[in-house]
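The values are calculated or read from the model by the stated rules, or taken from the named source; none is laboratory data. Because the structure is predicted, anything quoted here is derived from the model rather than measured. Here the Cβ positions follow ideal geometry from the backbone for every residue, glycine too, while neighbour counts run over all protein chains shown. What goes into the accessible areas is simple: the full protein's heavy atoms, side chains included, and nothing from ligands, DNA or RNA. Shrake-Rupley method; radii C 1.70, N 1.55, O 1.52, S 1.80 Å.
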Amino acid sequence: MMAGNGLLYPIIGFASCVAFLYMSFGDLAAVNYHKQPELDFVRRNGTHFVVDGRPLYVNGWNSYWLMGYAVEGHGRPKVRAMLQAGAQMGLTVCRTWAFNDGAYNALQISPGRFDERVFKALDYVIAEARRHGIRLILSLVNNLQAYGGKTQYVKWAWEEGIALSSSNDSFFFDPSIRKYFKHYVKTVLTRKNTLTGIEYRNDPTIFGWELINEPRCMSDASGDTLQEWIEEMSAFVKRIDKHHLLTVGLEGFYGPTNAKRLSVNPEQWASTLGSDFIRNSKIPNIDFASVHVYPDHWFHNQEFEDRLNFVSKWLLSHIEDGDNELKKPIMFTEYGLSSENKDFLPSQRDRFHKTILDIIYKSARQNWSGAGSLVWQFFAEGMEESHDSFAIIPWKDPSTFRLTVEQSCRLARILGLNQQKVDLNDLCSLAKCSEKTCLQLK
């Protein structure tokens with residue numbers, strides 16, 4: 001999967017240039033965030049995203065850590081470098097956390113109490129993203145315990161003596177906890193950015209909101225509890241914010257209401273988690289469906305080639321659902337392959353990424369609902385303490401860099417470069433992309 005010398009050397013050279021920029025320019029002081037180019041909101045037209053009336057297919061990434069690193073001054077150059085590198089690779093969307101509940105450098109210290117210093121860090125992330133032409137998907141809470149999550153909400157209610165249950169799943173049904181979360185959502189959506197002067201709900205830099213990262217309600221396998229929560233919270237978000245798209249944050253597992261699709265799930269356990277992809281995503285206030293792709297975590301004792309076959313089936317099944325059942329765009333908002341897998345080889349990650357990117361490209365060419373993908377995940381240099389086994393520093397990984405740039409180039413060829421802030425002509429020419437994979441210079 002490695003490129004030939006004619007392609008690899010220019011890519012390495014460009015990656016080195018990005019790294020040089022990262023090392024050379026830190027957090028530039030004199031930036032006027034009020035003088036930014038005008039942006040239109042991303043909207044939905046049937047099964048497609050559109051901007052200024054033209055289709056948008058997304059090549060993007062996850063960097064959940066942006067707000068956390070922007071809290072401290074010495075971390076802001078990493079945030080800026082990551083957004084700048086994303087733009088230079090032709091990426092258009094980054095997904096990141098807009099939450100940190102009760103943990104170190106918490107945004108929400110306790111219910112209704114916020115740390116303005118951390119809120120200003122989120123202001124900075126949004127302002128810098130706009131400056132670099134990157135749109136953000138902002139997730140509002142975690143199903144997992146990292147960064148507080150629903151566990152922290154339950155703990156707060158329990159400590160105040162008003163919780164109905166100590167179960168983490170009471171996050172979804174406890175009236176007091178629902179009030180906590182609604183207050184949080186309203187505070188974030190109506191926040192006025194101290195750098196740009198724009199309320200978050202009025203800022204087109206934000207691609208859309210994600211209700212919760214990877215929701216599961218295992219105490220109710222029927223899915224009714226989670227369904228009711230999504231219905232209530234999606235309606236609440238839309239009452240406050242009329243502009244932005246909204247997704248749930250699902251992993252994509254099929255539930256009991258879709259018996260014909262259960263065989264697509266990785267294993268039987270995936271249908272018992274209280275989530276239900278089609279049912280959850282059909283809710284009218286949900287604008288697009290989210291799906292995650294982690295075959296190495298979902299399967300036991302399966303060979304790599306079998307996992308690749310699953311990935312193709314998994315993506316195509318959900319795209320078919322978008323076209324025929326949901327009539328909405330499908331975004332693969334996380335995909336990754338762990339370096340801790342037994343017998344892991346970098347070439348396996350290349351093949352895994354290429355399988356997903358090829359399907360998204362095919363979807364764009366065929367006008368299908370598969371509207372984009374976001375790799376999990378990109379980091380900047382000097383963040384080793386935060387790395388997980390999926391972390392990639394793109395400008396230090398030539399094969400990942402090449403695949404990422406090629407995807408930007410070939411999507412740009414379809415879209416006519418209208419969504420990219422940087423002019424990809426030079427980049428695609430430098431990479432010497434072929435007629436089949438990259439934008440051709442006129």
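In segment 177-201, the residues that are assigned to a helix (DSSP H, G or I) form Cβ pairs under 8 Å with partners that are modelled with pLDDT under 95 and open to solvent by less than 50 Å² (accessible area, probe 1.4 Å), at six or more places apart or across chains, as follows: 177/163.
Listed residues 354, 362, 421, 342; which is part of a loop (DSSP other than H, G, I, E, B) and either under 21 Å from the mean Cα position of the chain (by Cα) or modelled with pLDDT of 95 or more (or both)? Write out each step before concluding.
Values: 354 fails: part of a loop (DSSP other than H, G, I, E, B); 362 fails: part of a loop (DSSP other than H, G, I, E, B); 342 fails: either under 21 Å from the mean Cα position of the chain (by Cα) or modelled with pLDDT of 95 or more (or both).
Step by step, each of 354, 362, 421, 342 is checked, and only 421 is part of a loop (DSSP other than H, G, I, E, B) and either under 21 Å from the mean Cα position of the chain (by Cα) or modelled with pLDDT of 95 or more (or both).
Just one of (1) more than 24 Å from residue 293 (Cβ to Cβ); (2) assigned to a loop (DSSP other than H, G, I, E, B); (3) in contact with a Phe, Trp or Tyr (Cβ under 7 Å, 6 or more places away or on another chain) fails for residue 253. It is (1). Going by the structure shown, is residue 287 at pLDDT 95 or above, in a helix (DSSP H, G or I) and open to solvent by 10 Å² or more (accessible area, probe 1.4 Å)? No: the conditions fail for residue 287.
Checking the structure you have, find out if any residue of segment 351-372 is among the polar types (S, T, N, Q), in contact with a strand residue (DSSP E or B) (Cβ under 6 Å, 6 or more places away or on another chain) and either in contact (Cβ under 8 Å) with a residue 12 or more places away in the chain or open to solvent by less than 10 Å² (accessible area, probe 1.4 Å) (or both).
Initial filter on segment 351-372 (among the polar types (S, T, N, Q)): 355, 363, 366-367, 369.
From what's left, in contact with a strand residue (DSSP E or B) (Cβ under 6 Å, 6 or more places away or on another chain): 363, 369.
Then keep just the ones that are either in contact (Cβ under 8 Å) with a residue 12 or more places away in the chain or open to solvent by less than 10 Å² (accessible area, probe 1.4 Å) (or both); that gives 363, 369.
Yes, some residue in segment 351-372 is among the polar types (S, T, N, Q), in contact with a strand residue (DSSP E or B) (Cβ under 6 Å, 6 or more places away or on another chain) and either in contact (Cβ under 8 Å) with a residue 12 or more places away in the chain or open to solvent by less than 10 Å² (accessible area, probe 1.4 Å) (or both).
Would you pick out the residues in segment 294-311 that are under 20 Å from the mean Cα position of the chain (by Cα) and either farther than 19 Å from residue 345 by Cβ or among the charged types (D, E, K, R) (or both)? Can you show your working first?
The initial filter retains those residues of segment 294-311 that are under 20 Å from the mean Cα position of the chain (by Cα), namely 294-298, 311.
Across segment 294-311, the qualifying residues are 296, 298.
Here residue 41 meets each of (1) open to solvent by 40 Å² or more (accessible area, probe 1.4 Å); (2) touching a His at 6+ places or on another chain (Cβ under 8 Å); (3) modelled with pLDDT of 95 or more; (4) of a type outside the set (Gly, Ala, Ser) with one exception, condition (1).
Counting only strands (runs of 3 or more DSSP E) wholly contained in segment 52-112, the ones carrying 3 or more residues that are crowded, with 21+ Cβ neighbours inside 10 Å and out of contact with any His (no Cβ under 6 Å at 6 or more places or on another chain) occupy 58-62, 93-97.
Remark: pairs (first residue in segment 52-78, without any contact (Cβ under 8 Å) to a residue 60 or more places away in the chain; second residue open to solvent by 50 Å² or more (accessible area, probe 1.4 Å) and in a strand (DSSP E or B); Cβ separation under 9 Å; 6+ apart in sequence or on different chains) = 53/43; 53/45.
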